1. Report whether or not PHE301 is touching a residue at least 60 places away in the same chain (Cβ under 8 Å) and either assigned to a helix (DSSP H, G or I) or over 23 Å from ARG207 (Cβ atoms) (or both).
2. Which of (1) at pLDDT 95 or above; (2) outside any helix (DSSP H, G or I); (3) not polar (S, T, N, Q) is the odd one out, the single condition HIS144 does not satisfy?
3. Determine whether GLU47 is acidic (Asp, Glu), part of a helix (DSSP H, G or I) and in contact (Cβ under 8 Å) with a residue 24 or more places away in the chain.
4. Filter the stretch 10-44 for residues that are touching a residue at least 24 places away in the same chain (Cβ under 8 Å), within 17 Å of MET220 (Cβ to Cβ) and surrounded by fewer than 16 Cβ atoms within 10 Å (Cβ to Cβ) and give the result.
5. For the stretch 325-349, what are the residues that are among the small types (Gly, Ala, Ser) and either touching a Cys at 6+ places or on another chain (Cβ under 8 Å) or in a loop (DSSP other than H, G, I, E, B) (or both)?
6. Considering every residue within the stretch 45-54, establish whether at least one is among the aromatic types (Phe, Trp, Tyr) and closer than 30 Å to ALA337 by Cα.
7. One residue is enough: does the stretch 144-152 have a residue meeting the conditions among the polar types (S, T, N, Q) and over 16 Å from the mean Cα position of the chain (by Cα)?
8. Would you pick out the residues in the stretch 76-93 that are modelled with pLDDT under 95 and β-branched (Val, Ile, Thr)?
Amino acid sequence: MKLEKISEKVLAGERVGVSEALALVNAADLLHLGLLAEAVRKRRHPEDVVTYIVDRNINYTDICIAACKFCAFFKTPEDPAGSVLSLAQLGRKIEETKALGGNQILLQGGLHPAKPLEFYEEMLRFIKGYGVHVHGFSPPEIHHFASMAKLSSQAVLSRLKDAGLNSIPGGGAEILADRVRREIAPRKCSADEWIAIMEEAHGLGMRTTATMMFGHIETMAERLEHLDRLRTLQDRTGGFTAFIPWPFQPSNTSLAGLPTTSAFSYLKMLALSRIFLDNIVNIQASWVTQGAKIAQLSLFFGANDFGSTMIEENVVAAAGVSFRLSETEIRNLVEGAGFQASRRRMDYTLDRATRTAGDEIAL
């Protein structure tokens, strides 16, 4: 199909198929994709508000048996440098987060070979004692807990929810194509299992995010397979609140010989995500991997969310990328691009405690 016909469909608010999206990304230049993505974003978010959240990424352990080729953070169980956070350490981190106005803890860790399900339930109950939202445990973690406990993933999700888990991050998706997963993360759950766990979480009333780590060994067709799986599940459940595409960071990993994804390629993928994922309302910019200025530019390539202030971030930092932004810097970047900055919660309602005079979105 000609570029003009596909573009007309996008501008008319019609859904594009996988083959059309592939033809679009192959034929359109960056600015053309950006203009289409901007039109879709404006249709979804005509108020020109860009949201962000104040939270902290807490990695409760770096000990992991998955040994993914793309990860610079994990330690093997035999490595004496590996660690598990104590409840006292968790408490100090949460107190620091609350002192900075944070309302959420993003809780993720390695696939530890020796911790029972009760360990994670105790950790959740402890964190909930601080009155914060717990956005934790990606599908590979849930799958690992279920395998260790010899329970179904749905039973594990129910127990974690009862212990205080509020929502689930979209980590561990990488690329939802099994050829890629077998090559870079063979010990993690399959693409079908990742989708099934997210569907079970949605069925239990939990909202989740979705991610894609691209720019390694995958093809563009496999990226679109990933997006299509997400869109299909969202059609069934409506449980995804946001999508976050971010480029692989090769330094200090087993794939260190691969080139780093350029800002050009990142913006192109971001725009394509906004165009294709017509049923996921929010698309997040990745300042953690791209830095402040490219993240600011992302707001004109489909993104409507600036993500987290990342009071703490360890996984991307382990790959040698160490961009940092304060809440004030995020607000200045958003407002400097001509948008209104508003602090939010995980479900994208605005944070009432910190609304500014200009925050006019209905809650």
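1. Yes, satisfied.
2. Only one criterion is unmet by HIS144, namely (2).
3. no
4. Within the stretch 10-44, VAL18, ASN26, ALA27, LEU30, HIS32 qualify.
5. SER326, ALA337, GLY338
6. yes
7. Yes; the residues of the stretch 144-152 include at least one that is among the polar types (S, T, N, Q) and over 16 Å from the mean Cα position of the chain (by Cα).
8. Matches in the stretch 76-93: THR76 only.
The values are calculated or read from the model by the stated rules, or taken from the named source; none is laboratory data. On a predicted model such as this, the values are computed, not experimentally measured, just so you know. Positions of Cβ are generated from backbone atoms using ideal geometry, with glycine treated the same way; all protein chains shown enter the neighbour counts.
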